[in-house]
Structures are given as structure tokens and as C-alpha cells.
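A.B. asks: Quick one: this structure, given as C-alpha cells, is what I'll be asking you about.
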Amino acid sequence: MNITVPISREIAAHVLAHFGHGGYEAGTFTRHLLSAMDTADPSNLAALGRAFPAYAAAVVGIKYDPEGVAFLQRLASGGFACTKCEGGDGPFVTVGASPLCETCHQGRQ
């Protein structure tokens, strides 16, 4: 995913939550902003993106990039995601070179 706008962990988490992929819910204003961005046509999304470029980049990424969800999950989790369930909640255990969340690791034992 090519992003030219920096997306914070918090923004990634908000967008993931809005689209049902983990993360955590934003405040009221941001929830309404994400709803508007999610339903906007390209022209209106671009207009919203001028005021909120990182949120718009994250929304475009999650909606149109096949790697968008995984990219935002890595951002939201600080770069780590479980290689089995793709969750970013940790704590993580390294099995070989692959990080697993503690829940998945315990299931493998």
C-alpha cells in the first residue's frame, strides 16, 4: 500500500473499528466523519480529505487496497500482528520467525 500521508496508530484503529476489523471506536465526531467518508463519492471524499488527509488515506486504503486491512492492522498494533488470526492485541509470542498472539500460541500447544 503506497501511503504518502502519515497515518497514526490511533487513526488506523478508528478506521479498522469503523469497518469491523478490530481497532477501537472513535469519539462521536470522528465516527460521523468516518461514516461520511465511507459513503462519500470520490469528489466529496477528496474534499473531506483536504481537511482530514490521514483519515481519508486510511479510508481509501481499507476500501480499495487488497492489503489495506493488513496494513492498518500493522499500524494500529505498532507493527505486529498474529500470523494465525491477524489480531494485533498481543501479548505476542515468537514461534520461529512468526509472531503469534498468546491465545493462538496456547491453542497450538
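The values are calculated or read from the model by the stated rules, or taken from the named source; none is laboratory data. As the structure is a computational prediction, the values presented were derived from the model and not from experiment. Here the Cβ is made from the backbone with ideal geometry for all residues, glycine too, and neighbour counts use every protein chain on show.
A.B. asks: Select the helices (runs of 4 or more DSSP H) contained entirely in region 1-64, then report the ones holding at least 2 residues which are touching a Gly at 6+ places or on another chain (Cβ under 8 Å) and surrounded by 11 or more Cβ atoms within 10 Å (Cβ to Cβ).
C.D. replies: On the way: elements: 9-18, 28-39, 42-51, 53-64.
Because the criterion is at least 2 residues that are touching a Gly at 6+ places or on another chain (Cβ under 8 Å) and surrounded by 11 or more Cβ atoms within 10 Å (Cβ to Cβ), the helices (runs of 4 or more DSSP H) in region 1-64 that meet it are 9-18, 53-64.
A.B. asks: Across region 1-55, what is the number of residues that are over 25 Å from Gly87 (Cβ atoms) and of a type in the set (Lys, Arg)?
C.D. replies: Total satisfying the criteria: 1.
A.B. asks: Moving to a separate point now. Would you confirm whether or not region 83-93 contains a residue that is on the phi < 0 side of the Ramachandran plot, outside any loop (DSSP other than H, G, I, E, B) and either modelled with pLDDT of 90 or more or not charged (D, E, K, R) (or both)?
C.D. replies: Yes.
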